[in-house]
Structures are given as C-alpha cells and as structure tokens.
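The values are calculated or read from the model by the stated rules, or taken from the named source; none is laboratory data. Given the structure is predicted, the values throughout are model-derived calculations rather than measurements. Reconstructed Cβ throughout: ideal geometry from the backbone, glycine too, with neighbour counts over all protein chains shown. Heavy atoms of the whole protein, side chains included, go into the accessibility calculation; ligands, DNA and RNA do not. Shrake-Rupley method; radii C 1.70, N 1.55, O 1.52, S 1.80 Å.
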Amino acid sequence: MKSTSLVRAVLLTFAIALLSGCGYNQIQQKDEATKAAWSEVLNQYKRRADLIPNLVNTVKGYAAQEKDVLIRVTEARAKVGQIQVNASDAQSLAQFQAAQGELSSALSRLMVVTENYPNLKSDQSFRDLQAQLEGTENRITVARGRYIQSVQDYNSYIRQFPQNLTAMMFGHDQKPNFTVENEKAISEAPSVDFGAAQAPAQAPAPAAPAAPAPVAPPAASTAAPAY
C-alpha cells in the first residue's frame, strides 16, 4: 500500500511539473485575463446603453420634430440589448460589434442634430448627459483596446511550442477578436492619378532686346547761306 501511494504521489508530482512546464498554468491565467477584459468591455457598453433613455427624453423635450433620429437611436439600443453575445464565437462577436456600430452611428447623428437647438445645448441636464456619454465612449475605447491586447497575448501564447500541445490537449482554441469597422475601406490603397496633374508652367524665355531705332541723318538745310 505504501509503495502504491508513493508511486501515485510521484506520478502526480511529475504530472504537475509536466503541465507547468508545458504552460498549462499560464494558459489558465491568460484565459482568465481575457475573460476579465471582456467583462469590462460589456460593462462600458452597458453604461452607454443606460444613458441613452435619459438622453433621448431630454432631446425629445426640445426637438420632438427630430422623430426619425430619435427612433433610430431607440431601435439601435433595443437591438443591442437583444443580442446574446458569445465572445468565443467569431460570428456572435461580429454580430455584437455590428450592432454596437449601428448604435454609435445613430448617437453620432443625434449629436449632430442637437447642434441646431441652442436651448437644448444650454440645458444643464443635456450637458451632463453629453459629458457622461463622451466619457463612456472613451472608456469603451480603452476597454476594447485592453481586450484586443489580452486576446492577442493569449492567442500568441497558445500557438507556441510546447504550449500548443497543452492547448490542444485541453481544448483551448484561439479566441476571435474585434475588427476595425471600416476594415475594407482602409485596406484599399487610395488611387493616385499622376496623369491628371499638370506640369508646372515653364517661365517664358526672356525676350531679345529690341534693336535700336535707326537714327535719321540730319536734314539738309534749305536756308540761304549768309554773306
């Protein structure tokens, strides 16, 4: 019995050392880091969604005629709330990002419209909401950046040897990441047409100096000589 227990203890110790050396513990740590970063992303997006109802109601009090813009913001917010996102699934993450992009676009349009209403812009409640919204947008940018970095670190680590073997053994796949909304537009090289550019005009050659006008000989005098 003692020998059996000793063998088990040795095997367990060996297995722990093997897993540690193959990056098992680091994979768990990096996986938890990505989860924490993702939670912060969701937290900031929720903060923005919570501000929108009060923002819409405030704008409606001064600019009820901007019905289409207000409806678009409300619908975009509702669409975001209906999405059950799974950050480990690329398609689900893409749908979530697209919905958040639509909401961002609707909010940007709403902010442009408010420029036409001086009374609204001077309202203290609106100014407070606008400041909170701007601060939240900044927090979203920071949270997304940290999540992108966390996923990149995790994906890079599990692709290295021998961690890739450990990841494969325990089912740790690469995680999808955020993409740039206008990735297609910015990936296309701008067209440059040099043929349309006109060559700089050359300075005209200096004109040859004009020849001096011929001097006429003095006219012969017709007066009679004096004696």
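Go through the stretch 68-123 and count every residue that is without any contact (Cβ under 8 Å) to a residue 60 or more places away in the chain, in a helix (DSSP H, G or I) and either farther than 18 Å from V180 by Cβ or touching a strand residue (DSSP E or B) at 6+ places or on another chain (Cβ under 7 Å) (or both). Steps first, answer last, please.
The first filter runs over the stretch 68-123 and keeps only residues without any contact (Cβ under 8 Å) to a residue 60 or more places away in the chain, leaving 68-86, 91-92, 95-96, 98-100, 102-119, 121-122.
Filter once more, so that each one left must be in a helix (DSSP H, G or I): 68-82, 91-92, 95-96, 98-100, 102-114, 118-119, 121-122.
From the residues that got through so far, the ones that are either farther than 18 Å from V180 by Cβ or touching a strand residue (DSSP E or B) at 6+ places or on another chain (Cβ under 7 Å) (or both) too are 68-82, 92, 106-107, 109-114, 118-119, 121-122.
So the count comes out to 28.
If we scan the stretch 174-193, do we find a residue that is at pLDDT 95 or above, outside any helix (DSSP H, G or I) and open to solvent by 80 Å² or more (accessible area, probe 1.4 Å)?
Yes, the stretch 174-193 contains a residue that is at pLDDT 95 or above, outside any helix (DSSP H, G or I) and open to solvent by 80 Å² or more (accessible area, probe 1.4 Å).
Taking the options V41, V80, V69, name whichever one is β-branched (V, I, T) and more than 21 Å from the chain's Cα centre (by Cα).
Working: V41 fails: more than 21 Å from the chain's Cα centre (by Cα); V80 fails: more than 21 Å from the chain's Cα centre (by Cα).
Checking each option against the conditions leaves just V69.
Looking at Q100, Q84, which one is over 19 Å from E66 (Cα atoms) and open to solvent by 70 Å² or more (accessible area, probe 1.4 Å)?
On the way: Q100 fails: open to solvent by 70 Å² or more (accessible area, probe 1.4 Å).
On inspection, the qualifying residue turns out to be Q84.
Which condition from (1) open to solvent by less than 90 Å² (accessible area, probe 1.4 Å); (2) at pLDDT 90 or above; (3) not charged (D, E, K, R) is the one that Q29 breaks?
(1)
Out of curiosity, is Q160 open to solvent by 70 Å² or more (accessible area, probe 1.4 Å) and not in a helix (DSSP H, G or I)?
Numbers: open to solvent by 70 Å² or more (accessible area, probe 1.4 Å): yes; not in a helix (DSSP H, G or I): yes.
Yes, satisfied.
Does V41 satisfy the condition of being farther than 25 Å from A143 by Cβ and touching a residue at least 40 places away in the same chain (Cβ under 8 Å)? Break it down into steps so the answer makes sense when it comes.
Working: farther than 25 Å from A143 by Cβ: no; touching a residue at least 40 places away in the same chain (Cβ under 8 Å): yes.
No: the conditions fail for V41.
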